[in-house]
Ligand SMILES: O=C([S-])c1cc(C(=O)S)c[n+]([C@@H]2O[C@H](COP(=O)(O)O)[C@@H](O)[C@H]2O)c1
Ligand code: NI
């Protein structure tokens with residue numbers, strides 16, 4: 001499983017994200033050619049390989065030719081992205097990131113979301129940062145993105161609104177809507193911006209400790225300010241030691257009908273659960289209930305959790321990682337006088353098993369009128 005870990009020891013901003021992705025291996029020419037699909041003039045990307053505090057990394061400059069007096073509202077920006085020639089997946093991700101900023105802005109300034117205007121340099125800088133981050137993310141195709149706690153800096157920052165406290169109100173609002181931890185250490189100034197935290201909140205999952213994975217390469221994206229400490233976003237790319245961390249998600253409910261419970265199981269399997277089942281339980285006040293257990297891949301957690309909270313009557317769920325011992329499985333097809341049958345072959349050390357797929361046996365029995373047992377005996381002889 002491919003992992004990206006955003007290490008925000010000195011915060012995160014849009015251009016630091018682009019710098020780190022380029023330092024990780026994204027071709028800046030590819031990035032710029034994709035960005036041209038926005039059909040926007042007035043900007044170019046300049047990626048500069050450089051050393052900061054002795055560390056080799058990339059500073060990504062978004063060079064604006066626009067005079068910065070374009071005050072685009074969120075509604076205008078949505079239209080620019082929708083009308084672009086970018087792929088749908090990039091559009092969806094970019095719009096989701098922008099939505100986070102716009103919702104925060106709307107709350108901070110008490111204005112309707114679509115009337116939010118992006119005051120910084122006419123938002124072209126943010127458009128390039130946000131769409132660029134979406135392009136890089138979908139180019140790398142990680143299975144999961146983790147983010148560390150975010151060093152937001154301290155003090156005050158001067159921007160279009162004037163002098164604002166750090167973290168800026170929009171940054172603080174975006175963090176409130178995420179579940180990322182913020183902290184402030186060793187930085188006098190703004191190290192995390194609304195665009196930077198919105199990108200991570202959308203792409204990543206907060207990891208309170210450094211996640212366990214096998215690191216393979218790093219990318220350093222430098223910020224523009226000198227805080228004394230290294231001002232860089234580090235993205236570490238790697239792989240999970242297990243092909244897929246497996247999670248158990250469970251809950252108890254005592255006020256759902258059988259039909260609703262059946263619908264939930266069916267939906268969980270459709271959404272990629274590895275297994276899902278009910279166990280009858282006696283709950284508080286000896287009320288009969290059902291215990292729902294779901295086995296899923298870690299990367300599918302958000303979808304599974306959302307489905308359980310949305311479709312059951314539970315008020316809370318429990319989840320924990322489990323390690324599984326799985327047999328290696330592969331399949332072969334045998335053709336029999338009654339039709340083709342798929343054989344599932346399972347191996348674990350010296351253990352070896354070959355079992356015909358039930359659906360094939362069932363189909364042959366139904367089609368030919370031969371009993372299930374006789375079909376099974378025939379297959380056993382032919383395996
Ligand atoms: O871009 C927006 S909406 C924005 C909102 C606010 C508020 O706190 S309100 C502040 N700023 C400041 O502008 C610069 C650039 O931020 P980016 O997110 O565009 O990188 C930064 O100092 C922000 O604090 C922007
Ligand atoms: Ni603002």
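The values are calculated or read from the model by the stated rules, or taken from the named source; none is laboratory data. Since the structure is predicted, the reported quantities are computational estimates derived from the model, not experimental observations. Neighbour counts run over all protein chains shown; Cβ positions are idealised from the backbone, glycine included.
Things to note:
- Inter-residue pairs, beta-carbon under 7 Å, first touching a residue at least 24 places away in the same chain (Cβ under 8 Å) and outside the structural domain of residue 187 (by the TED database) and in the stretch 158-176, second part of a helix (DSSP H, G or I) and away from ligand 2 (no atom under 12 Å from the Cβ), 6+ apart: none
- Boolean, residue 26 is under 23 Å from the mean Cα position of the chain (by Cα), surrounded by 13 or more Cβ atoms within 10 Å (Cβ to Cβ) and not in a helix (DSSP H, G or I): yes
- Put simply, of 374, 354 the only residue that is under 44 Å from the mean Cα position of the chain (by Cα) and either farther than 26 Å from residue 274 by Cβ or assigned to a strand (DSSP E or B) (or both) is 354.
- Within the stretch 173-195, the set of residues being at pLDDT 95 or above, more than 20 Å from residue 232 (Cβ to Cβ) and surrounded by fewer than 17 Cβ atoms within 10 Å (Cβ to Cβ) comprises 176 only.
- Residue 264 satisfies every condition listed in (1) surrounded by 16 or more Cβ atoms within 10 Å (Cβ to Cβ); (2) within 16 Å of ligand 1 (Cβ to nearest atom); (3) more than 20 Å from the chain's Cα centre (by Cα) except (2).
- Every residue from the stretch 189-198 that is touching a strand residue (DSSP E or B) at 6+ places or on another chain (Cβ under 7 Å) and in a loop (DSSP other than H, G, I, E, B): 191
- Some residue of the stretch 272-288 being touching a strand residue (DSSP E or B) at 6+ places or on another chain (Cβ under 8 Å), touching a residue at least 60 places away in the same chain (Cβ under 8 Å) and closer than 30 Å to residue 204 by Cβ: no
- Residue list for the stretch 75-105, restricted to those being free of Cβ contacts under 8 Å to residues at least 24 places away in the same chain and over 27 Å from residue 22 (Cβ atoms): 76, 79
- Taken together, 139, 201, 123 contain a single residue that is within 12 Å of ligand 1 (Cβ to nearest atom) and in a helix (DSSP H, G or I), which is 123.
- Checking residue 143 against (1) within 26 Å of residue 159 (Cα to Cα); (2) at pLDDT below 95, the condition it does not meet: (1)
- Options 108, 145, 103: the member that is within 21 Å of the chain's Cα centre (by Cα), in the same structural domain as residue 17 (by the TED database) and within 13 Å of ligand 2 (Cβ to nearest atom): 103
- Cβ-Cβ under 6 Å pairs, at least 6 apart or on other chains, the stretch 6-24 side under 12 Å from residue 235 (Cβ atoms), far side assigned to a helix (DSSP H, G or I) and away from ligand 1 (no atom under 16 Å from the Cβ): 21/136; 22/28
- Residues of the stretch 112-125 satisfying the condition of being surrounded by fewer than 24 Cβ atoms within 10 Å (Cβ to Cβ) and in contact (Cβ under 8 Å) with a residue 60 or more places away in the chain: 125
- Taking the stretch 151-188 as the range and being within 13 Å of ligand 2 (Cβ to nearest atom), part of a strand (DSSP E or B) and touching a helix residue (DSSP H, G or I) at 6+ places or on another chain (Cβ under 8 Å) as the test, only 159 passes.
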